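S.K.: Let me give you the structure first, and then I'll get to my questions.
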Amino acid sequence: MLTNKMVVVIAAEAPVGVALNTAALLGVALGDHHQDVVGPDTEDASGNPHTGMCAHPIPVLRASAEQLHDLRAQAAARDGVTVHDMHQIAQRARTYEQMSATLSGTKAEDVEYLGLGLYGPRSAVDSLTGALALYR
């Protein structure tokens, strides 16, 4: 059994396209920050190469905007848990620099989260997300 766990939590109110984009962006962030979770490249029986995949299952869960705010704060306070977030500011920005400048002028309580990616000890991640429903 893997000792660490990854989850992605998407805002229940997000339209499908925004939810899919949020999940993809959080997956990139998780994979970049935790490169050890991606397995080595492989080959099929015909010799065709396949690049490494994440070795962790990644449940995709659903939470309200209020739950996302609370979850982010709780997860950030846990030892060993890394929080990746996607918010409306990033969704609306045209460039990373514009997003960063807008975010730096926004109070934490005013950030509207579209989703979170969490990685950390299985017990900590489970205790934070265990009551959330799967995204369907």
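S.K.: Which percent of the accessible area of the chain is formed by carbon and sulfur heavy atoms (probe 1.4 angstrom)?
M.R.: Solvent-exposed carbon and sulfur of the chain make up 53 percent of the total.
S.K.: Next up: Mean residue ellipticity at 222 nm from the helices of the chain, using -39,500 (n - 2.57) per DSSP H segment of n ≥ 4 over the full residue count, to the nearest 500 deg cm²/dmol?
M.R.: So the calculated ellipticity at 222 nm is -11500 deg cm²/dmol.
S.K.: Using only the alpha carbon atoms of the chain, find the Kirkwood hydrodynamic radius as the inverse mean reciprocal pair distance, in angstroms to one decimal.
M.R.: Values: mean 1/r = 0.0631 Å⁻¹.
Computed over Cα pairs of the chain, the Kirkwood hydrodynamic radius comes out at 15.9 Å.
S.K.: Charges at C-beta only: +1 for Lys and Arg, -1 for Asp and Glu. How large is the resulting dipole of the chain about its Cα centre, in Debye rounded to 20? Don't skip to the end; give the middle numbers.
M.R.: Working: 9 positive and 15 negative charges, 51 e Å.
It works out to roughly 240 debye.
S.K.: Quick one: check the C-alpha center-to-center distance for the stretch 47-73 versus the stretch 97-136, whole angstrom.
M.R.: That distance is 11 Å.
S.K.: Can I ask one more? So, in nm, how far is label R78 from label A45 when the simple model puts each one 7 Å beyond its Cα toward the Cβ?
M.R.: According to this spin-label approximation, the distance is 4.1 nm.
S.K.: Could you pull the Cα extents of the stretch 67-136 along its three principal axes, largest to smallest, in whole Å?
M.R.: 37, 30, 19
S.K.: Over the chain, give the accessible area per residue in Å² for a 1.4 Å probe, as an integer.
M.R.: 60 Å²
S.K.: If the stretch 30-109 were replaced by its equivalent ellipsoid, with semi-axes equal to the square roots of 5 times the Cα gyration tensor eigenvalues, what would those be, largest first, whole Å?
M.R.: Those come to 33, 18, 12 Å.
S.K.: What's the ranking of 8-16, 70-78, 82-90 by average number of surrounding C-beta atoms within 10 Å, highest first?
M.R.: Ranked from most to least packed, the peptides come out as 82-90, 8-16, 70-78.
The values are calculated or read from the model by the stated rules, or taken from the named source; none is laboratory data. Since we're looking at a predicted model, the values are computed, not measured. Note that each Cβ is placed from the backbone with ideal geometry, even for glycine, and that neighbours are counted across all protein chains shown. For the accessible areas, the whole protein counts, side chains as well, though only heavy atoms, and no ligand, DNA or RNA atoms are used. Shrake-Rupley method; radii C 1.70, N 1.55, O 1.52, S 1.80 Å.
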